[in-house]
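Down below is the structure, laid out as structure tokens.
Rule-based calculations on the coordinates, nothing more; no lab input. Since we're looking at a predicted model, the values are computed, not measured. Cβ coordinates were reconstructed from backbone atoms using ideal geometry, including for glycine residues, and neighbour counts include every protein chain displayed.
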């Protein structure tokens, strides 16, 4: 019987000594075959020679980046910054300058020296690309090289997430100047993906697979594996069968989707191991703040109290996902601390409280049909969901949205709200939730632990953001926390931010997902990473 390991409380990095089948199997110089979902199959014909693996782009397979390219700063447990290619760093008192002291003796996989010049090339390439306005790059003003291993980034204004953004698996990873033609030109064309990571790119077969080989020039402890093969298997069921048959060795969180409903079956297989951990994503109902009556915080709170989140987790997610209290995962820095202090209260299931709030807001069932009315209007909500054909990605949670929507519909009917579920294709869904705002509510999630909380706050609830919410006092709090240079002050501001979101029911939290990895039971040395976006397999043997 396979041993299940559940690590939902507080442990993010765990060395789990499991072993893996890999086709040939056996030695530490073997090959690991990894299953990838369809969302990673977005390479166009012009990128076939490189697999689209540009370290400074934001449109290629995320799980592969971290094996080829290293970061100046690594993402540690619960967002703690750890030395990467930078051994240490200092931040100026005004928060506008970041000075990094680089590791010496490091080479790119092709033998090109890693130094401050190479770092400057990558950052200038990031700035030059069309995505340069993404995150902090608009405020990136200058790069100063003091010596071959000391470099300073200068910004127009303080922004504490800068260090966090440097941890991302894309687009601020570091690549060799030899990766582009002309050599070292920030505007050059990518001709080969060359990084300092533990593996190097060997081959890409369009819509089939990526092959990486061990980087013999790697500056750290070399991987025990010789090869990584990432197989692109679009269909969840097909990919699961490939795992069961031994065609692939590993799949799951960050790589692909494993439905919680499949976990029990996998647990019963002697040759499959399943590992779970608290997830990076929280899913919630987003109300339309500009549609009556959902512009009323009391009505939004009533929806929160009307939903039995614990039962939703049991019914749809086999109890593997857990009830959420707020807008972020408990793995997210600053939110985690506010959560543990009880700043985030959430909405415990209390249908009587929901009815009371609706009554106080003027919504009563005067005609006895079970649906509340006010000023001659019925209390109805258009819940828009993406059609099942949509590829699960970026917070859609598609495979579960129809049954989830139906449960929400049932709970809200119980307190007098009629929910009309409208299923549309992906383009129409995205247009409705980001442009036309043609909805009363939809189900969504933030960006994930490595980006949050600042990215989601700034992108969604700042005036002019995607969700159409606007409150100058809330904007001010977001500005203050991003510009903060003191950790204690920053946490205090975040406490106020999360309390505000709670009191005003900016979202109705549903559940926090779980990271689920399934693998051949012969794997040795698999470690759950601190975030699903960056997987380290250097200790794995097959």
Taking the Cα-to-Cβ direction at residue 241 and at residue 221 and moving 7 Å from each Cα, how far apart do the two end points lie in nm?
-> 3.9
At q = 0.10, 0.19, 0.21 Å⁻¹, what base-10 log of I(q)/I(0) does the Debye formula yield for region 33-119 when every alpha carbon is treated as an equal point scatterer in vacuo?
-> -0.37, -1.05, -1.14
Relative contact order (percent, whole number), the chain, Cα cutoff 8 Å, 6+ residue spacing | 24
Is it possible to state the helix-based mean residue ellipticity at 222 nm for the chain, with each DSSP H run of 4+ residues giving -39500 (n - 2.57), the sum divided by total residues, to the nearest 500 deg cm²/dmol? What is it?
-> -6500 deg cm²/dmol
Of all DSSP beta bridges in the chain, what percent run antiparallel (nearest 5)?
-> 75
Dividing the surface of the Cα convex hull of region 125-210 by four yields a projected area in nm² of 7.2
In whole Å, how far is the Cα centre of region 106-128 from that of region 270-318?
-> 43
Using alpha-carbon coordinates, inclination of helix 472-483 to the longest axis of the chain, degrees | 20
Measuring from centroid to centroid over Cα atoms, what is the spacing of region 44-75 and region 140-161 in Å?
-> 23
Kirkwood-Stokes translational diffusion coefficient of region 291-415, alpha-carbon pairs, 4 °C, 1.567 mPa s, µm²/s = 79
Whole number please: convex hull volume per residue of the Cα set in region 419-509, in Å³?
-> 113
Averaged over all directions, how much area does the convex hull of the C-alpha atoms of region 186-330 cover when projected, in nm²?
-> 14.7
Taking Cα atoms only, helix 297-306 is inclined relative to the longest principal axis of the chain by an angle, in degrees rounded to 10, of 80
Tilt relative to the chain, helix 236-245 - C-alpha long axis, 0 to 90 degrees, to 10 = 50
Cα centroid separation - region 175-233 against region 513-538, whole Å = 21
Based on the alpha carbon coordinates of the chain, what radius of gyration and maximum Cα-Cα distance (Dmax) apply, in Å?
-> 24.1, 79
Provide the three semi-axes, in whole Å and in decreasing order, of the ellipsoid equivalent to region 279-514 as defined by the square roots of 5 times the Cα gyration tensor eigenvalues.
-> 27, 20, 18
To one decimal place, what Kirkwood hydrodynamic radius in Å is obtained for region 492-542 from all pairs of distinct Cα atoms?
-> 14.7
For region 238-304, what is the convex hull volume of its Cα atoms per residue in Å³?
-> 137
Using DSSP, restrict attention to beta bridges with both residues in region 279-514 and report what percent are antiparallel, rounded to the nearest 5.
-> 60
What percentages, rounded to whole numbers, describe P(r) for region 167-208 computed over all alpha carbon pairs with 10 Å bin width beginning at zero?
-> 26, 47, 27, 0
So what does the Cα-only Debye profile of region 331-379 read at q = 0.24, 0.27, 0.28 Å⁻¹, as log10 I(q)/I(0), no solvent term?
-> -0.85, -0.98, -1.02
